[in-house]
Structure formats: structure tokens, C-alpha cells
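The values are calculated or read from the model by the stated rules, or taken from the named source; none is laboratory data. This is a predicted model, so every value here is computed, not measured. Glycine gets a Cβ as well: all are built from the backbone with ideal geometry, and neighbour counts include every protein chain shown. Areas reflect the complete protein model, heavy atoms only, side chains present, ligands, DNA and RNA absent. Shrake-Rupley method; radii C 1.70, N 1.55, O 1.52, S 1.80 Å.
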Amino acid sequence: MRAVIQERHSVATPLQEHIRAAIAAAGGWIGFDRFMALALYSPGLGYYANDSAKFGALPASGSDFVTAPELTPLFGRTLAVQLAQALEATQTHELWEFGAGSGALALQLLDALGERVRCYTIVDLSASLRARQQTRLAAHAHKLRWMDALPEKFSGVVLGNELLDAMPVQLLARHGGQRGGIWHERGVVSGDDGALAWSDRPTGLRPPVEIEGPQDYLTEIHAQAEAFIRTLADRLARGAVFLLDYGFGASEYYHPQRHMGTLMCHRGHRADGDPLTQVGHKDISAHVNFSALALAAQQAGLHVLGYTTQAHFLINCGLPEKMQHASIAERARAAPLIMEHEMGELFKVLALGAGVAWEPLGFARGDRTHRL
């Protein structure tokens, strides 16, 4: 199966040429996870490595999408309540943020937590984003450090807000329905005219659950995100991990009706499902399978401390009380964080622990760990 997507520009960009060279070097086909990694993270060329705005509340800012800390500083101030408890419970003094974006969340947390945080480490592969973070966080420079990899062992509280959705995924496509259907891995090729195109190859890979129904089915598996969790488990000697992202448990993720998968692109606050066009100029993401991450964490020796919706988490941490003392405009910006049809239900929070288990206040009511 192969569908050719024509590119919008007659002259290939350096990133497109880089991807085509990678395809040629691999024998004419690369898996989608490899393509996604090249499109997003190729040094100096990929979406997260170039100088476009990316993060912001309004299209007029030149941004492509909005994250919770860009909406309102109340997000970071509320999250800080949970992180303060985590620092105390784990007897640590360091925060580690993966994929800090514009630095908005780091600034909110550092302002709110004060001397509770002695060191704030940002792990980010993007040199352009690192430069923006350094400018935005200049007032806290004495506490900050940047790294591009984890040390062999460390202690602290780890944070990832909309981190996992941008990790490369493998695409699996079933043709022919549940009975007699054949699973393929979907990859990318370069056509005779130079256009990028889909190409499916039979594979032994499978989703973690059986997909019922007669329909063709497209979905994702998250080997890189699971490997990230295992690396954290191996190196986090004492501490906690809080992961906030959009996604589902496995039973929802691989529901028979979700037959088109969750892959999505964003540019200028508009969404589309075609990652093979405007390569390097738009974000590519997939929803998170939280069941797979929780299982990987447990198998690697971490505790699952809680799993719930972002709405329940932020309400448990006191967002409504903070909203009462905010301006009407600020309340309006914070409301989508907990509204069911906005970010409140789709976004989830997974907490993991290394060391002695404890009970994070963000999961006091509405915990859904039993549904993972």
C-alpha cells in the first residue's frame, strides 16, 4: 500500500534533502519513527531545532500551538504545590524538567518554589530553545543548568509537560480486519518525482492489545517513550516523576472505533493529519498510551503513585482557590485547564516514584490508576 503526497514547494528544503538521503542510505525505506525523529530533531533543521516561535497562546504571536503554562501562570503555581510536597516526601532539592519549551513553566515553578529548589536542570536537545530559556530565566541563572543527557545516577523530582507526545512513534496498519488481517509497519519512501510517500511493510510488531472489528486499523506503538521510562527507572536513585500529556489508557487508546490512530500535526494553531507535507515547519505528535508507560515503570522497579485527569489533578492541588483570587481575564485563561471539553479530561497526569512510596495530593480524589 502506498499513497504519494505531493510537496507544496518545487525546491526541496535542506531538511527534505536530509530525509531523502537518510531514506536512500537505509535502502529506500525508513520506519515512521525514524522519519518523525528526523523531521522534529535533526540538528539545525528539524522543527524543534529551528528558530520558529512554536509556543504561544495566539496565532498572531507566530506560534503553532499553546501549552498550559503559556495559557496562564496559574498552571505553574498550582503544579508547584504538588512539586513542593514531592520534594519534601523524597527529601530532595532538585527539579529536572525534560523539554522545557519556551521556559514559561520553569519560570513559574522557580518563582513559586523559591528556596525549596536549589538546582533546576533542563534536559533539552534544541539549541535554539535552550537560548530562549536562558534569556527568559536569567533571574534564576544561579540555580539553572542545561544537559542533553541524564547522568548515570541522580536524585530529584522529574517533570515532563507535553514531552511524551513528541517522542517518535512507530505506525502499525492492519489491512483486512481482525480475522485474516495482516499487520504492516508504515514507513516513508521517496518517490520517483522526489515526493515523500507512505509505504507499508509486513511486520511481526503488534499493538499491546487485540484490536476487534472487521475494519482496517491504523495506530501507534511507543517504544521510545517506554525506553525513556526505563532509563529514568535505572538512573533515578530517589525521587518522583510527574508526566502531563494528552492520551488514554490502553483500552481507550486501542478502541475499535479509534481506527485512524492519533497522529496529528500543528502549525499556526491549525491541525492536520499529514506529516509528509511542510516538513520541519509544523509539529508532529501522537497521544500517549499511559498503560504502556505505567507497565514499563513497574517492570523497571518504579512505583505508580497516581494517574488521573489534569482537571482532577489541578483541582486537588488548589487551582479553584487560586482562580478565586485572580482577575476575571486570568480566570478565563485558566478555565480550559480543567474544563472537560478542553484540556481537563483529555490531558492526564501520571506520577511515578523511586524509593519509598507516598501519596501525592494531586491524586487524592479521582485517581484512575485502576483503569490503566
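Values as computed for the structure displayed
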read-out	value
The listed residue being at pLDDT 95 or above, in contact with a Leu (Cβ under 6 Å, 6 or more places away or on another chain), among the aromatic types (Phe, Trp, Tyr) and within 23 Å of residue 240 (Cα to Cα), out of 347, 363, 290, 313	290
Inter-residue pairs, beta-carbon under 9 Å, first under 15 Å from residue 329 (Cα atoms) and free of Cβ contacts under 8 Å to residues at least 60 places away in the same chain and in region 64-77, second open to solvent by 40 Å² or more (accessible area, probe 1.4 Å) and among the charged types (D, E, K, R), 6+ apart	73/111
Residue satisfying all of: in region 163-198; of a type outside the set (Asp, Glu), open to solvent by 20 Å² or more (accessible area, probe 1.4 Å) and part of a strand (DSSP E or B); farthest from residue 255 (Cα to Cα) among these	190
Residue selected from region 150-202 under the condition of a type in the set (Val, Ile, Thr) and modelled with pLDDT of 95 or more, by the criterion farthest from the chain's Cα centre (by Cα)	189
Any hit, region 137-155, residues being within 27 Å of residue 290 (Cβ to Cβ) and buried (at least 21 other Cβ atoms within 10 Å of the Cβ)	no
Of all residues making up region 204-226, the number that are assigned to a loop (DSSP other than H, G, I, E, B) and open to solvent by 30 Å² or more (accessible area, probe 1.4 Å)	10
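Rundown of residues vs (1) farther than 30 Å from residue 194 by Cα; (2) loosely packed, with under 15 Cβ neighbours inside 10 Å; (3) touching a residue at least 60 places away in the same chain (Cβ under 8 Å); (4) not hydrophobic (A, V, I, L, M, F, W, C), yes/no style:
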position	(1), (2), (3), (4)
311	yes, no, no, no
325	yes, yes, no, yes
330	yes, no, yes, yes
333	yes, no, yes, yes
347	yes, no, yes, no
359	yes, yes, no, yes
